[in-house]
Amino acid sequence: MIKGSCCCNAIQFELTEVPSMLGTCHCSRCRKLGASALVFVKSDSFKITKGRDQIATFKAVEPYKYDRCFCSNCGTALGEVLSEEASFPLSANCLDDELPIENKFHEFVSEKPSWLKIGDDAKQFSEHPFES
Ligand SMILES: [Zn+2]
Ligand SMILES: [Zn+2]
């Protein structure tokens, strides 16, 4: 069981399965939202155990398709925890427990600010890794 929470602890959640992948997005949107390291979780292995009613949503505007969720009290970026998709990105920063996986890729490196230096050997993609 992997647990996670927001900074003020109002929102808590659990994962019953290790996420399939961890990736880091350097696009300006993720950077400003404060959720760049994302794990991809299956909805049926994810459960909000506390504070669902405290979650605020920043609605996606085209071309973005994922709504971004936050704690309405402390502002912690949670990822897309209210998604109804079979799997969705969750902000790795919210996890309280260690993960047995490492960062697998960096995407949108073209939008990365020069002051941020990548410190691992994971593959780098100028934009999205799964589309050309
Ligand atoms: Zn909070
Ligand atoms: Zn991004």
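The values are calculated or read from the model by the stated rules, or taken from the named source; none is laboratory data. Computed from a predicted structure; not experimentally measured. For neighbour counting, all protein chains shown are included, and Cβ atoms are generated from backbone atoms with ideal geometry for every residue, glycine included. For the accessible areas, the whole protein counts, side chains as well, though only heavy atoms, and no ligand, DNA or RNA atoms are used. Shrake-Rupley method; radii C 1.70, N 1.55, O 1.52, S 1.80 Å.
Along the charge dipole of the chain, Cβ charges K/R +1 and D/E -1, which of 108, 4, 74 sits furthest on the positive end?
74
Heavy-atom accessible area per residue, the chain, 1.4 Å probe: how many Å²?
60 Å²
Largest first, what is the accessible-area ranking of 57, 24 with a 1.4 Å probe?
I get 57, 24, largest accessible area first.
Taking the Cα centre of the chain as origin and charging only Cβ (+1 Lys, Arg; -1 Asp, Glu), how large is the dipole, in debye to the nearest 20?
Approximately 400 debye in magnitude.
Counting only residues 5 or more places away or on other chains, whose amide H sits under 5 Å from the amide H of residue 67 once H atoms are built in the peptide plane?
The answer is 60.
When the accessible area of the chain is split by element with a 1.4 Å probe, what percent falls to carbon and sulfur?
48 percent
Can you say what percent of the DSSP beta bridges in the chain, counting only those with both residues inside, are antiparallel? Round to 5.
Roughly 85 percent of the DSSP beta bridges within the chain come out antiparallel.
Please give the calculated 222 nm ellipticity per residue for the chain, where each DSSP H segment of at least 4 residues contributes -39500 (n - 2.57) and the sum is spread over every residue; nearest 500 deg cm²/dmol?
It comes out at -1000 deg cm²/dmol, rounded to the nearest 500.
Which whole number in µm²/s is D for the chain by Stokes-Einstein, with the Kirkwood Rh taken over Cα pairs at 37 °C and 0.692 mPa s?
217 µm²/s
Could you pull out every Cys in the chain that lacks a partner Cys with its beta carbon under 4.7 Å away?
27, 69, 94
Run the reach check for residue 59 against lysines, Cα to Cα strictly under 23 Å, same-chain hits fewer than 8 apart removed. What comes back?
Once the sequence-local lysines are set aside, what remains near residue 59 is 32, 42, 47, 50.
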